[in-house]
């Protein structure tokens, strides 16, 4: 599987994303053609420059424009510009989604209807180049999956047309809230604005997950340089990876697969049983594969509870938000683990009590086993007055009637 991974240790900005993609190998004419489709004359305003940051090379995007700061664009104008363009449909739709996410963020920040949103810095030519250029580059690469490290929050203040604003700027915070993104915040991060609204909106629309890939088998690498001078290299790395999703074994005696999953865990000593029950329910509702809890002894001789959730990579961000919003914990541990799983499928068996939903599993030696869903046994027991053992015995006498309702899956 071809995967595109963006690593943003010192910042996430549109120009850094675009520079990294050009350095990765996206032909310039791909980006220039897309910009021309919306009426941007690239020869006079768009340049890619080889540069260095603390001695490390990379590509830097330069946009030269005669526009003044007062030359703002409204969301509806940008929308019409893109809709009426000759951009490829996927580039057009992704570009619209990015600007729409920005427009909703700005409307919340300023307390106005989205139709009245007028972009300031975001409406500049630079941003149009970044958004359309990145969307066109991604369409050209056609990765099957895109992931990005959690963007750095930054700190301090930044000067804007609205005056000096705290970092993260209000539009970034709105995007984080609206799309349930977690920003990285570390003590040793550089001061200033590290994640821009445009860079974050691009990844919200284009990325499948804000996480690191499980392994790095790099086919090609691109470096995009930022314009600010920091106390360290200011760069963003784009890595094109070849990722093997799972190790499959299918032979006459083997039929199972390896899946990589994540374990999230928290040790809690200040919650009631009711709190733990609610947290478990919310974790399951948010997509946890399984949630378990067990008593543990913690510091100061306290009796505590260990709560563990097994999570698919695509659900990591959602589950993190549940832990930190609805739990009493102030932190969670997260580790990458794996499991061997057998092929299974759902179906029904015909019994004297009617159809009973069941699961069929294929063992490594080819043997098929069938097990009724326990909820089904409880339902029929409540309806008929029969014991669960009686119903289960009748079920196993009629497993040959099993009829699948779905294909085999891992």
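A single member of 291, 361 is within 30 Å of residue 183 (Cβ to Cβ) and touching a strand residue (DSSP E or B) at 6+ places or on another chain (Cβ under 6 Å), and it is 291. Filtering the range 354-400 to residues that are surrounded by fewer than 15 Cβ atoms within 10 Å (Cβ to Cβ) and part of a helix (DSSP H, G or I) leaves 374, 375, 378, 382, 383, 384, 388, 389, 393, 396, 400.
Taking the residues in the range 318-329 that are farther than 10 Å from residue 286 by Cβ and touching a residue at least 12 places away in the same chain (Cβ under 8 Å) as candidates, determine which candidate is surrounded by the most Cβ atoms within 10 Å (Cβ to Cβ). Filtering the range 318-329 for residues that are farther than 10 Å from residue 286 by Cβ and touching a residue at least 12 places away in the same chain (Cβ under 8 Å), the one surrounded by the most Cβ atoms within 10 Å (Cβ to Cβ) comes out as 327. Residues in the range 330-344 that are within 20 Å of the chain's Cα centre (by Cα) and without any contact (Cβ under 8 Å) to a residue 24 or more places away in the chain: none. Within the range 222-237, is even one residue assigned by TED's automatic domain parsing to the domain that holds residue 93, under 16 Å from the mean Cα position of the chain (by Cα) and under 17 Å from residue 10 (Cα atoms)? Looking for residues that are assigned by TED's automatic domain parsing to the domain that holds residue 93, under 16 Å from the mean Cα position of the chain (by Cα) and under 17 Å from residue 10 (Cα atoms), one finds none in the range 222-237, hence no.
The values are calculated or read from the model by the stated rules, or taken from the named source; none is laboratory data. Note that the structure is predicted; figures quoted are calculated from it, not measured. Quick reminder, even Gly has a Cβ in these numbers, built from the backbone with ideal geometry, and neighbours come from all protein chains shown.
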